[in-house]
1. What residue, among those in the stretch A:178-201 that are part of a helix (DSSP H, G or I) and under 21 Å from B:LYS166 (Cβ atoms), is nearest to the chain's Cα centre (by Cα)?
2. Evaluate the following for A:GLU75: is it without any contact (Cβ under 8 Å) to a residue 60 or more places away in the chain, acidic (Asp, Glu) and within 11 Å of chain B (Cβ to nearest Cβ)?
3. Taking B:LEU187 as meeting all but one of (1) loosely packed, with under 14 Cβ neighbours inside 10 Å; (2) within 14 Å of another protein chain (Cβ to nearest Cβ), write down the number of the exception.
4. Please go through the stretch A:164-174 and pick out each residue that is surrounded by 14 or more Cβ atoms within 10 Å (Cβ to Cβ) and over 23 Å from the mean Cα position of the chain (by Cα).
5. Please tell me if B:PHE175 is within 14 Å of chain A (Cβ to nearest Cβ), of a type outside the set (S, T, N, Q), closer than 30 Å to B:PHE12 by Cα and part of a loop (DSSP other than H, G, I, E, B).
6. Could you run through the stretch B:78-126 and say how many residues are small (Gly, Ala, Ser), more than 14 Å from every other protein chain (Cβ to nearest Cβ) and without any contact (Cβ under 8 Å) to a residue 60 or more places away in the chain?
7. Given (1) over 24 Å from A:ASP174 (Cβ atoms); (2) in contact with a helix residue (DSSP H, G or I) (Cβ under 6 Å, 6 or more places away or on another chain), identify the lone condition not met by B:GLU110.
8. Take the stretch A:145-159 and flag every residue that is assigned to a helix (DSSP H, G or I), closer than 14 Å to A:PRO40 by Cβ and within 16 Å of the chain's Cα centre (by Cα).
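The values are calculated or read from the model by the stated rules, or taken from the named source; none is laboratory data. None of these values were measured; they are calculated from a predicted model. Glycine gets a Cβ as well: all are built from the backbone with ideal geometry, and neighbour counts include every protein chain shown.
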Protein chains: 2
Amino acid sequence: MIKILRIEESLFSENEKIANEVSSILKERKILSFNIMGAPGSGKTTFIEKTIEMLKNDFRFGIIEGDVEGKYDSEKLEKFNIPIVQINTGGACHLEANMVKNGILNLPLENIDILIVENIGNLICPAEFPIGIEKNIVVSSITEGEDKVEKYPLMFKISHICILNKIDLLPYIDFNVKKFEDELKRLSPQINFIKLSSKTGENFNQWIEFLRKLMKEKRS
Amino acid sequence: MIKILRIEESLFSENEKIANEVSSILKERKILSFNIMGAPGSGKTTFIEKTIEMLKNDFRFGIIEGDVEGKYDSEKLEKFNIPIVQINTGGACHLEANMVKNGILNLPLENIDILIVENIGNLICPAEFPIGIEKNIVVSSITEGEDKVEKYPLMFKISHICILNKIDLLPYIDFNVKKFEDELKRLSPQINFIKLSSKTGENFNQWIEFLRKLMKEKRS
């Protein structure tokens, strides 16, 4: 058992080393990058779609799509005619830094302002593996229940931004937004919290304005 | 890297050995057991709550609750005054057979007819680790989208029963039940498919009747 732990430790530190490499490459090119995480079905892909749709004339996007298998999400984004790299992890439940490094080396970085990485749908392991991306975003939808922050604290703790999605369904679901936000801010006082609906576009502008502000900071 | 693979292989086979032990212990005592899996927020705990509520006068339940940390779900089930073992995995995203073995050794098995194990909220790893429980159930809620079978095929392939949950929200969500069911049956023709709402109780009797049938078979 001790042997396994040692190997995992070395895996973690090797991962961190490569994450730093990824971070350096992106920093050097002044690319703003997002690591989108969340449970299966939380609406990560729709959130990305809507973001690109609203900003495609202002910024040049690049995408790394992580999936256990298949390329369903990549296919949804193909219509934008932007560079997309699909990563299939086989059985693994998270992206690792070496996968992301491989991904960015296959993207035309000189033509990208914003890199979006969609991580594997999972609230646990993606939080444990840094991948060198600047801003961690957790997408949590109101249909998942109010208790997600308490049950998966690490994910919310390492995130810079929390998107509470599917608020168009609030009239039909018992979900106390204030309770969720209080719990979130208690765990992670610095986190940026935005509630919206990627489907109807309700409140989506708040996220778009936030992203524009980040781009401005990046370029100044 | 080869070294890591060898260790993982031996971990898998050690896990399988213990899963067989768990299976033998439960078989010997004629305990019907369910391994409840699904994404975070798919409604696993509410499904279990409703099941116990409807059958608590007919059968004696025992529960093993798996969570990364905390005991929120156990606390929800405490009102039934039944034996519950809470397992916290630390960072791990699935239960393993040795955890479940440890769990059942801490339950009064002689007083249990039905053992329910709630696995970690995750559609990936729990499918990769057999835990010696008789019936695998995947709970998928309509709010997660129609594409879950295609994106997480292993989970649906190893499941004996698929519960499509939260059908009370069908009027408010774009979800084609037939498309989901067709995809499911194509992947796994033998699977038992039941759509219901654990919240409103709609169609829940279909599951209860199915469970009664399984108990009858077990005791005959």
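1. Filtering the stretch A:178-201 for residues part of a helix (DSSP H, G or I) gives A:178-187.
Imposing the further condition that a residue be under 21 Å from B:LYS166 (Cβ atoms) reduces the set to A:179-180.
Details: A:LYS179: 23, A:PHE180: 20 Å.
Residue satisfying both the conditions and the ranking: A:PHE180.
2. Numbers: without any contact (Cβ under 8 Å) to a residue 60 or more places away in the chain: yes; acidic (Asp, Glu): yes; within 11 Å of chain B (Cβ to nearest Cβ): yes.
So A:GLU75 fits the description; yes.
3. If we test B:LEU187 against (1) loosely packed, with under 14 Cβ neighbours inside 10 Å; (2) within 14 Å of another protein chain (Cβ to nearest Cβ), just (1) comes out false.
4. The answer is A:LEU170, A:TYR172, A:ILE173.
5. Numbers: within 14 Å of chain A (Cβ to nearest Cβ): yes; of a type outside the set (S, T, N, Q): yes; closer than 30 Å to B:PHE12 by Cα: no; part of a loop (DSSP other than H, G, I, E, B): yes.
Judged against the criteria, B:PHE175 is not a match.
6. Going through the stretch B:78-126, the residues small (Gly, Ala, Ser) turn out to be B:90-92, B:97, B:103, B:121.
Filter again for more than 14 Å from every other protein chain (Cβ to nearest Cβ), leaving B:97, B:103.
Subsequent filtering for residues that are without any contact (Cβ under 8 Å) to a residue 60 or more places away in the chain retains B:103.
Qualifying residue count, the stretch B:78-126: 1.
7. The one condition B:GLU110 does not meet is (2).
8. Narrowing the stretch A:145-159 to residues assigned to a helix (DSSP H, G or I): A:148-151, A:153-157.
Adding the requirement that they be closer than 14 Å to A:PRO40 by Cβ leaves A:148, A:155.
Answer for the stretch A:145-159, where residues must be assigned to a helix (DSSP H, G or I), closer than 14 Å to A:PRO40 by Cβ and within 16 Å of the chain's Cα centre (by Cα): just A:MET155.
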